[in-house]
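Okay, so here's the structure we're looking at.
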Amino acid sequence: MAAPQNWQKSSYSGEGDGNDCLELASTPTTLHLRESDTPATVLTTTPTPLTHLLDAIRAQAL
């Protein structure tokens with residue numbers, strides 16, 4: 001399955017394509033993540049595992 005073309009990055013990353021950042025794209029059932037400086041490498045997951053990861057990161061930040 002090809003990754004979607006609707007890649008988005010955080011507004012904290014600044015303008016332009018030259019900024020290294022994590023980019024996210026979605027389809028109805030999956031999320032695709034990639035690093036902007038290596039766009040050919042894509043991690044595919046579903047919302048539930050990503051939600052658990054983000055919750056764990058937030059809990060550690062408290």
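Below, the figures for the structure above:
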{"item": "Qualifying residue in region 34-43 (condition: at pLDDT 90 or above, part of a loop (DSSP other than H, G, I, E, B), out of contact with any helix residue (DSSP H, G or I) (no Cβ under 6 Å at 6 or more places or on another chain) and surrounded by 14 or more Cβ atoms within 10 Å (Cβ to Cβ))", "result": "no"}
{"item": "Residue that is nearest to residue 22 (Cα to Cα), among those in region 44-53 that are part of a helix (DSSP H, G or I) and either open to solvent by less than 70 Å² (accessible area, probe 1.4 Å) or not hydrophobic (A, V, I, L, M, F, W, C) (or both)", "result": "50"}
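The values are calculated or read from the model by the stated rules, or taken from the named source; none is laboratory data. Computed from a prediction, not measured in an experiment: that's the story for all the values here. Cβ coordinates were reconstructed from backbone atoms using ideal geometry, including for glycine residues, and neighbour counts include every protein chain displayed. Heavy atoms of the whole protein, side chains included, go into the accessibility calculation; ligands, DNA and RNA do not. Shrake-Rupley method; radii C 1.70, N 1.55, O 1.52, S 1.80 Å.
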